[in-house]
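Heads up: the structure comes next, in structure tokens.
The values are calculated or read from the model by the stated rules, or taken from the named source; none is laboratory data. Just so we're clear, the structure is a prediction, and the values are computed from it rather than from any experiment. So basically every Cβ, Gly included, is an ideal-geometry build from the backbone, and we count neighbours across all protein chains shown. Each accessible area value is taken on the protein alone, full model and side chains, heavy atoms only, with ligands, DNA and RNA left out. Shrake-Rupley method; radii C 1.70, N 1.55, O 1.52, S 1.80 Å.
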Amino acid sequence: MIDKKMSFMDTPIPANAWRRQRKYFFSVLGFSLVCALWAWAAPSGERRLRVLKSELSVAQVSQGIFEDVIPLRGQITPLYTIYLDAMEGGRVEKILVEEGVELQAGQAIVEFSNARLQLESITREAQVSEQINLLQSQELNLARNALDHKRQLNELELRLKDTAQQLARAKKLAAQNYIAQDKLDELGNQYQYLQNSLALTKESQAADKALQESQLQQLRGSVASLNKNLAFARDNLESLKVKAPVDGLLTAFDLQPGQSLMPGERFGQIDDPDNFKVMALVDEFYKNRLQLGQTAFYQQGSEKYDLRVKKIYPQVIDGQFRVDLVFNNAQPPNVSRGQTLQMRLQIGANEPALLIPNNSFYQDTGGHWIYVMDGSQQFARKRDITLGRRNAQSIEVLNGLVEGESVIVSPYTNYKEIDRLIIR
């Protein structure tokens, strides 16, 4: 009995087919997954990075109207400003007005004293007086010489005339043998001598007169030059009494009696109190696109005011350059110096275009490439693009994108060197 039971218990039981294959199946599956993961993660030359979708700003490429305008933030300044400088310097003697008053052209503002200018004016007056006296003496001498020359010529001409008459009579007498030939020859020689003397005297007087006239012209030129210098010195003295060159508001004026100023030192300015311009700074990106006469717009409530570009300054400082704009017609009421205006400057025509938002990505890429999302929105690849004009809101797409594609427009600071973004 016991042997039969033991025999029964040792009989093998057939294994289930699934049990026999299961171990083999899972081994193959695990190996396949490992291979797939290795193939996905294996180096392929493409740099990848996982990023969170919540950290990205995604926008669609869309068709729209590109408004070729740029925002400007400008500051109200007077339309004109006349600066007051101490041209010759000096000591403040009298202050005749106060800062903030409205001046009329020609109104006295301040008086300076300057001992150097006063001494210089006195010296030049003495030089002019000396030259004028010398000129008058030269003119008097020239007049006397002219009279002496006339007297000499009259005497010579009279003697020549008498000798000619004597010679004529002597010739008649000699023909009748009443006088000797040697007497006739003597009269002839006397007549020839007087003729030569008259010619030499005229030549000498002409040379003397020309020389004196030249000296006289030089003296007159010297006097004229000294008079100009004297007038200049007197003008400098007069400039010590500063007067308003135009109507306007006196500002930046802070002088004290007895204060000394260096030559050329600025002590105030006169502003146009009623008419204003707007000074604005523009990004150097638009340097080649700005032109004189371009129009800007300023909105105040329901009123819209037009301005135009009047002056473009060539200097670029910290990536910006300055422009001045003036109002075309009426200017806004109650504006004051220093007030800030928000404007829009039209630099080109509004035209249909393919657009993407003007966002931070532009600063990281320079507009040369962008990350484009795939259809699943789970990946983004770097793609070269060509961009055109841009304003505060939009950038014009010229090449590399099509309408409806999604692009990442947030900053690329942390992954500028990455080729493919894996978005979680």
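One table, with the values for the structure above:
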| quantity | calculated |
| --- | --- |
| Residue with peak Gaussian network fluctuation, the chain [Cα springs, cutoff 10 Å], from Ser62, Ser214, Ser121 | Ser214 |
| Candidate aspartates and glutamates for bridging to Lys382, where Cα separation is under 19 Å - those fewer than 8 sequence places away on the same chain excluded | Glu46, Glu55, Asp364, Asp374, Glu396, Glu403, Glu405, Glu417, Asp419 |
| Charge-dipole axis of region 116-228 as Lys and Arg at +1 and Asp and Glu at -1 on Cβ define it, positive-most pick from Ala206, Gly188, Ala170 | Ala170 |
| Nearest-ten-degree value, helix 115-175 long axis tilted from longest Cα axis of the chain | 40 |
| For Phe232, solvent-accessible area (1.4 Å; no DNA, RNA or ligand), Å² | 110 |
| Cα centre as origin, Lys/Arg/Asp/Glu Cβ charges: region 278-361 dipole, Debye | 220 |
| Degrees separating the helix 181-239 axis from the principal Cα axis of the chain, which is the longest one | 40 |
| Average projection area in nm² (convex hull over Cα atoms of the chain, one quarter of hull surface) | 57.6 |
| Cα-Cα over 23 Å, subset of Lys161/Lys209; Lys171/Lys202; Lys94/Lys277; Lys150/Lys209 | Lys161/Lys209; Lys171/Lys202; Lys94/Lys277 |
| Selection of chymotrypsin sites (Phe, Trp or Tyr not before Pro), region 80-175, meeting DSSP coil and at most 16 other Cβ within 10 Å | Tyr80 |
| Calculated FRET value between Ala224 and Arg337, using beta carbons and R₀ = 41 Å, to 0.05 | 0.30 |
| Cα-projected label distance for Gln127 with Ser406, points at 7 Å along beta-carbon direction, nm | 8.7 |
| Stokes-Einstein D for region 192-296, Kirkwood Rh over Cα pairs, 37 °C, 0.692 mPa s (µm²/s) | 149 |
| Neighbour-limited loop hits for GluC sites (Glu not before Pro), region 324-424 (at most 14 other Cβ within 10 Å; DSSP other than H, G, I, E, B) | Glu403, Glu417 |
| Top of Asn391, Asn236, Asn334 by mean-square fluctuation, Gaussian network on the chain, Cα under 10 Å | Asn334 |
| Low-density loop cleavage sites - trypsin sites (Lys or Arg not before Pro) in region 290-363, where at most 10 other Cβ are within 10 Å (DSSP) | none |
| Potential extension, Lys287-Ala59 segment - 0.36 nm per residue separation minus Cα distance | 79.2 nm |
